[in-house]
Amino acid sequence: MLRTIQIGSHVLAQGTFIRSLGNGRIEIDTGNARVSGLAVTGPSPRTAEGLSFIGAFRRAVARGYIGALGIAALGAGLALSTPAPLHAESIDILNVSYDPTREFYKDYNILFNDWWVSQGHDAANLRQSHGGSGGQARAVIDGLEATVVTLALAPDVSAIAEKTGKIPADWQSRLPHQAAPYSSTIVFLVRKDNPKGIKDWADLVRDDVSVITPNPKTSGGARWNVMAAWAWAQKEFGGDEAKSRAYLADLFAHVPVLDTGARGATNTFVKRGLGDVLLAWENEAFLALAEQGEDAFEIVVPSVSILAEPPVALVDGNITSEAQRETAEAYLTHLYSPEAQALALKNYYRAWDLSQAAPEDIARFPELDRVSIDQFGGWEKVQPEFFGDGGIFDQIYGAQ
């Protein structure tokens, strides 16, 4: 008899029933191993309802909702997939991240598991979740069981710490570079041959220019965009706050739509064809060039931008075992390894360690004036002043 069991909190396996173990647990034979777990009640695979169940199971595996561990032949000619090695003790790691990191962490998960297995461990079940950084932080606050968070800026991690207690207040001291394993900046992505002649921030408020940027209330990348614009305005207007505010107000008057996250804004610009210029993470701009071709877009580097440092953190309050803690800590620490740093550079992030990076990846990044957020008092001051309820962004955008 075919039975399905649950191993841990997220992993399912199917195989032939062997025996009952009590308390709802059974042992099954997957075809390449005998494993035990909590029996999952489901319809017979010989019925239409059962085939629907199997289809749903297959889709869940394909999409990463269920760990693809030891899925064996189902009997009666029903096979889900080629059996894979089964590790009953496989550790689940859910990385809740921001929009533009999808490609990097997909590559990093492979790199990490290869290294982790070489250290004598079973491969971890690594899963990713992506969205606007602010929205991702709220999801964790509301109960999304992230094992680690890799978000766009420190206030989003600190919000989880403050509102849930699941991350310690001193989380930035636990890893190098204030827990930021790589950095980035904000650049302009324009259409091929730069038809509007956009060169710097002053050009973004011309009457004939339309700007695409996500919503700073939901997107960490958008908050970096705002602060990059503010850095230029402060330099341009000699620190005059009134003129800097007026510039921000004028800038957002040229924004036709506010997407919730950086990837959504990129799609609006690249795929929907809206806007003359996209304010983008540098890595997102390079990715657009790589995917669409240099005959479609160009990157314009402004005279002044921001030193963007996306941080990472362990969500201690969601850790369920010492084995999971060990794996999750290694997952974050290994981001600083020379191999992972080279991978980050390959994925268009500015790495700290260039020792194993390809020369062409190092040469890709231009020098520019990247202003630190500390120049404006750090995120502890900037977050409430600019992006809190009633802050500068609300004042300039609500008045339009």
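The values are calculated or read from the model by the stated rules, or taken from the named source; none is laboratory data. None of these values were measured; they are calculated from a predicted model. When we count neighbours, we look across all protein chains shown, and the Cβ atoms used for this are built from the backbone with ideal geometry, even at glycine. What goes into the accessible areas is simple: the full protein's heavy atoms, side chains included, and nothing from ligands, DNA or RNA. Shrake-Rupley method; radii C 1.70, N 1.55, O 1.52, S 1.80 Å.
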**Message:** Going residue by residue through region 237-257, is there one that turns out to be farther than 27 Å from Val157 by Cβ, among the polar types (S, T, N, Q) and either surrounded by fewer than 20 Cβ atoms within 10 Å (Cβ to Cβ) or touching a helix residue (DSSP H, G or I) at 6+ places or on another chain (Cβ under 7 Å) (or both)?
**Reply:** yes
**Item:** Cross-chain or 6+ apart pairs with Cβ under 9 Å, region 118-131 first and surrounded by fewer than 21 Cβ atoms within 10 Å (Cβ to Cβ), then among the aromatic types (Phe, Trp, Tyr) and part of a helix (DSSP H, G or I)
**Value:** Asp122/Trp116; Ala123/Trp116; Gln128/Tyr105; His130/Tyr105
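What number of residues within region 238-263 satisfy the criterion of being assigned to a helix (DSSP H, G or I) and either among the charged types (D, E, K, R) or touching an Asp or Glu at 6+ places or on another chain (Cβ under 7 Å) (or both)? It would help to see each step written out before you state the result.
Keep residues of region 238-263 that are assigned to a helix (DSSP H, G or I), which gives 241-253, 262-263.
Next cut, either among the charged types (D, E, K, R) or touching an Asp or Glu at 6+ places or on another chain (Cβ under 7 Å) (or both) only: 241, 243, 245, 250, 262-263.
Here the count works out to 6.
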**Item:** Leading residue by the ranking (least open to solvent (accessible area, probe 1.4 Å)) among those in region 198-228 that are among the charged types (D, E, K, R) and under 27 Å from the mean Cα position of the chain (by Cα)
**Value:** Arg223
**Message:** Name the residue that is nearest to Gly134 (Cα to Cα), counting only residues in region 298-308 that are buried (at least 23 other Cβ atoms within 10 Å of the Cβ) and not polar (S, T, N, Q).
**Reply:** Ala308
**Prompt:** With Leu279, Leu314, Leu335 as the choices, which residue is in contact with a Leu (Cβ under 7 Å, 6 or more places away or on another chain), touching a residue at least 60 places away in the same chain (Cβ under 8 Å) and either hydroxyl-bearing (Ser, Thr, Tyr) or open to solvent by less than 60 Å² (accessible area, probe 1.4 Å) (or both)?
**Reply:** Leu314
**Asked** Applying the selection to region 320-332, what residues are open to solvent by 30 Å² or more (accessible area, probe 1.4 Å) and either touching a Pro at 6+ places or on another chain (Cβ under 6 Å) or not basic (Lys, Arg) (or both)?
**Response** Thr320, Ser321, Glu322, Ala323, Glu326, Glu329
**Complete:** From the option list Pro168, Pro195, single residue qualifying as surrounded by fewer than 23 Cβ atoms within 10 Å (Cβ to Cβ) and touching a helix residue (DSSP H, G or I) at 6+ places or on another chain (Cβ under 7 Å) is Pro168
**Message:** Just to be sure before I move on: is Gln383 under 18 Å from Trp224 (Cβ atoms), in contact with a Pro (Cβ under 7 Å, 6 or more places away or on another chain) and open to solvent by 30 Å² or more (accessible area, probe 1.4 Å) in the structure I sent?
**Reply:** yes
**Asked** Do any helices (runs of 4 or more DSSP H) lying entirely in region 333-400 carry at least 2 residues that are on the phi < 0 side of the Ramachandran plot and in contact with an Asp or Glu (Cβ under 6 Å, 6 or more places away or on another chain), and which ones are they?
**Response** 338-346
**Item:** Selection within region 146-165 - open to solvent by less than 20 Å² (accessible area, probe 1.4 Å) and among the hydrophobic types (A, V, I, L, M, F, W, C)
**Value:** Ala146, Val148, Val149, Leu151, Ala152, Leu153, Ala154, Val157, Ile160, Ala161
